[in-house]
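Read-outs: derived from the displayed coordinates by stated rules, not from any lab. On a predicted model such as this, the values are computed, not experimentally measured, just so you know. Here the Cβ is made from the backbone with ideal geometry for all residues, glycine too, and neighbour counts use every protein chain on show.
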Amino acid sequence: MSDEEREILEKIKNYLANIEIDKVPDAVKEALNKGIPPLKIINEALAPAMNIVGKKFEEGEYFLAELVAAGETFKEVLGILRPLLLKSGEKIKRLGKVVIGTVRGDLHDIGKNIVATMLESAGFEVYDLGADVPPEEFVKKAKEVNADIVAMSALLTTTMIEMKNVIEELKKAGIRDKVKVIIGGAPVTEEFAREIGADAYAEDAVKAVEVCKRLIEEKKKGK
Ligand code: B12
């Protein structure tokens with residue numbers, strides 16, 4: 001890598017990590033104009049920047065607003081890079097496939113969107129079903145894409161029980177042992193996850209990435 005390339009990638013990383021988000025898209029376009037491959041921009045500038053943002057959030061230096069801004073910027077830039085990636089045939093390093101959604105009856109999707117973006121930026125292939133997703137939709141998509149993980153979000157105490165229904169549907173469809181199930185959302189707890197037979201719980205998007213990586217490792221080992 002030339003010094004010039006390294007400098008541009010460093011610049012993109014710093015803009016995103018420091019939430020100077022207005023400057024990120026132009027810097028990414030500059031990198032593309034200089035011939036830096038899209039995959040390199042993701043793996044060596046954007047993803048490391050999101051890791052920094054995640055750490056700062058965990059340490060209390062950043063708040064939700066920064067997490068959301070960084071997530072949205074990442075998504076915006078990915079919109080520029082994705083078609084180029086597909087054209088060049090480059091493959092983003094994929095950790096595994098995640099089907100994610102907010103359960104039936106629940107319209108809260110802000111937290112779920114952050115989790116989805118963080119997973120994507122960490123290298124997961126994410127299928128986001130949106131909000132108010134019926135159990136059959138989770139199962140249908142999980143089957144269709146051969147998902148490794150089904151991730152569910154609920155923000156209402158009245159909709160949490162839908163997570164159990166999704167797990168039941170996965171069992172009925174005969175794929176419960178093929179997918180790991182992770183749940184989250186403000187009213188959800190570790191104990192609730194155990195109670196309904198989910199494999200994992202994570203309290204925020206940063207932890208969700210850690211836990212999903214662990215679940216993939218477990219899956220590989222056949223656990
Ligand atoms: C914004 C909001 C809304 C918006 C949602 C907009 C949207 N597009 O999402 C609107 C206005 C639509 C809304 C509607 C309602 N809301 Co509301 N809403 C909220 C509010 C203020 C913030 C939620 C939020 O976005 N938080 C920010 C995100 C980032 O946090 P988060 O969702 O918790 O996500 C983080 C973690 O939980 C975790 N996570 C989330 N999902 C997942 C998934 C996985 C797999 C993992 C691992 C982790 C994970 O990671 C995220 C990021 O770190 C909360 C209050 C609160 N403090 O939670 C009330 C709240 C959830 N709402 C509430 C209520 C009652 C309602 C309504 C019923 C109000 C009404 N009477 O109409 C309706 C229900 C509509 C419906 N059917 O869903 C109550 C729920 C009470 C309860 N115990 O059930 C709350 C708690 C407010 C309150 N204190 O009363 N709401």
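When the Cα centres of the range 206-223 and the range 1-35 are compared, how far apart do they sit, in Å?
31
Going by average Cβ neighbours within 10 Å, how do the peptides 38-47, 183-192 rank, with the highest at the top?
So the order, starting with the most tightly packed, is 38-47, 183-192.
Using R₀ = 30 Å, calculate the FRET efficiency as 1/(1 + (r/R₀)^6) where r is the Cβ-Cβ separation of E10 and E190; round to 0.05.
That pair, E10 with E190, gives E of 0.15.
What residue among M163, V126, N146 has its Cα farthest toward the positive end of the dipole of the range 97-220, where the charges are +1 on Lys, Arg and -1 on Asp, Glu, each on the Cβ?
Of the options given, the answer is N146.
So, with +1 on the Cβ of K and R and -1 on the Cβ of D and E, and no other charges, what is the size of the charge dipole of the chain about its Cα centre, to the nearest 20 debye?
1060
Is the range 134-223 best put as rounded, prolate or oblate by its Cα gyration tensor, with a ≥ b ≥ c the root eigenvalues, rounded for a/c under 1.5, and otherwise prolate when a/b is larger than b/c, oblate when not? It would help to have the intermediate numbers written out before the result.
On the way: a/c = 1.71, a/b = 1.09, b/c = 1.57.
Cα axes put the range 134-223 in the oblate bin.
Nearest 10 degrees, 0 to 90: what angle lies between the long axis of helix 64-88 and the longest principal axis of the chain (Cα atoms)?
70
Could you tell me which of rounded, prolate or oblate describes the range 3-88, using a ≥ b ≥ c as the square roots of the eigenvalues of the alpha-carbon gyration tensor, with rounded for a/c under 1.5 and, failing that, prolate when a/b is larger than b/c and oblate otherwise?
It is prolate, given that a/c is not under 1.5 and a/b is the larger ratio.
Determine the calculated [θ] at 222 nm for the chain from helices alone, applying -39500 (n - 2.57) to every DSSP H run no shorter than 4 residues and normalising by the residue count; nearest 500 deg cm²/dmol. Don't skip to the answer; put the middle values down first.
On the way: 10 runs with 125 residues, N = 223.
Dividing the helical sum by the residues of the chain leaves -17500 deg cm²/dmol.
Label the range 49-184 by shape, choosing from rounded, prolate and oblate, from the square roots a ≥ b ≥ c of the eigenvalues of the Cα gyration tensor; if a/c is under 1.5 it is rounded, and otherwise prolate applies when a/b is larger than b/c, oblate when it is not.
Oblate shape, in that a/c is at least 1.5 and b/c is the bigger or equal ratio.
Report the gain in length on full extension from A65 to E218: 0.36 nm times residue separation, minus Cα-Cα distance, nm rounded to one decimal.
On the way: separation 153, 0.36 × 153 = 55.08 nm, distance 3.29 nm.
Contour length minus the Cα-Cα distance gives 51.8 nm.
By per-residue mean of other Cβ atoms within 10 Å, what is the highest-first order of 20-27, 120-127?
Going from most to least packed, we get 120-127, 20-27.
Pairs K55/K180; K55/K172; K29/K143; K40/K140; K56/K143; K13/K223: which exceed 31 Å Cα-Cα?
Distance filter (> 31 Å) returns K55/K172; K29/K143; K40/K140; K56/K143; K13/K223.
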